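Participant: Please read through the structure below; I'll follow up with questions.
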């Protein structure tokens, strides 16, 4: 009789366990995500990159189309420290060896970093000389317009 009372509990338990295993096997599925960085605080930027890596770890790089849009002060993430003295409109240049290694690691996992052309022009940034590993295909006409465009294409917006 006790077994009969336990049977529904055991059935529910095993069904739950099966669901968890199935969930772990399937993961989160395909995702399209855009991260927005427009601040120059190095700790916040490092935290944002850690969030991105955690996102990749959870979903899997093969299941993720992830872009980072940088504009305004956010360009400090890729700004070479040697360029700071000539670019008076930036307070920080955060492209330290550690930050660069993290960015390169994310790029190696398929993350795309997009840079705002308006910020490049307005702050007189020499893309090749001042920014780490940015070329013309990484430049978008407007950071905010790119964010809106990607959201309209189904990308989930995240501002860490």
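The values are calculated or read from the model by the stated rules, or taken from the named source; none is laboratory data. Everything numeric here is computed off the predicted structure, so don't read it as measured data. Here Cβ is always computed from backbone atoms with ideal geometry, including for glycine, and neighbour counts include all displayed protein chains.
Participant: Please give the number of the condition residue 152 fails out of (1) surrounded by 13 or more Cβ atoms within 10 Å (Cβ to Cβ); (2) without any contact (Cβ under 8 Å) to a residue 40 or more places away in the chain.
Facilitator: Condition not satisfied by residue 152: (1).
Participant: Is it true that some residue in segment 128-135 is touching a helix residue (DSSP H, G or I) at 6+ places or on another chain (Cβ under 9 Å), closer than 15 Å to residue 45 by Cβ and touching a residue at least 24 places away in the same chain (Cβ under 8 Å)? Outline the logic, then answer.
Facilitator: At the first step, the residues of segment 128-135 found to be touching a helix residue (DSSP H, G or I) at 6+ places or on another chain (Cβ under 9 Å) are 129-135.
From what is left, the residues that are closer than 15 Å to residue 45 by Cβ are 131-132.
Checking which are touching a residue at least 24 places away in the same chain (Cβ under 8 Å) leaves us with 131-132.
Yes, segment 128-135 has at least one match.
Participant: While we're on this one: Mind checking which helices (runs of 4 or more DSSP H) fall wholly inside segment 64-159 and carry at least 1 residues that are farther than 21 Å from residue 30 by Cβ and under 16 Å from the mean Cα position of the chain (by Cα)?
Facilitator: Working: elements: 97-108, 117-122, 127-130, 143-152.
The qualifying helices (runs of 4 or more DSSP H) are 97-108, 143-152.
Participant: Another question, then. All but one of (1) in contact with a strand residue (DSSP E or B) (Cβ under 7 Å, 6 or more places away or on another chain); (2) touching a residue at least 40 places away in the same chain (Cβ under 8 Å); (3) closer than 17 Å to residue 119 by Cβ hold for residue 93, so report the exception by its number.
Facilitator: (2)
Participant: On the given criteria, is residue 120 in contact (Cβ under 8 Å) with a residue 60 or more places away in the chain, within 26 Å of residue 33 (Cα to Cα) and surrounded by 16 or more Cβ atoms within 10 Å (Cβ to Cβ)?
Facilitator: Details: in contact (Cβ under 8 Å) with a residue 60 or more places away in the chain: no; within 26 Å of residue 33 (Cα to Cα): yes; surrounded by 16 or more Cβ atoms within 10 Å (Cβ to Cβ): yes.
Considered against the rule, which asks whether it is in contact (Cβ under 8 Å) with a residue 60 or more places away in the chain, within 26 Å of residue 33 (Cα to Cα) and surrounded by 16 or more Cβ atoms within 10 Å (Cβ to Cβ), residue 120 comes out as no.
Participant: Could you tell me whether any residue of segment 137-145 is without any contact (Cβ under 8 Å) to a residue 60 or more places away in the chain and farther than 17 Å from residue 38 by Cα?
Facilitator: There is at least one residue in segment 137-145 that is without any contact (Cβ under 8 Å) to a residue 60 or more places away in the chain and farther than 17 Å from residue 38 by Cα.
Participant: Restrict the check to segment 50-58 and report whether at least one residue is outside any helix (DSSP H, G or I), at pLDDT 95 or above and in contact with a helix residue (DSSP H, G or I) (Cβ under 8 Å, 6 or more places away or on another chain). Full working, then the answer.
Facilitator: Going through segment 50-58, the residues outside any helix (DSSP H, G or I) turn out to be none.
No, segment 50-58 contains no residue that is outside any helix (DSSP H, G or I), at pLDDT 95 or above and in contact with a helix residue (DSSP H, G or I) (Cβ under 8 Å, 6 or more places away or on another chain).
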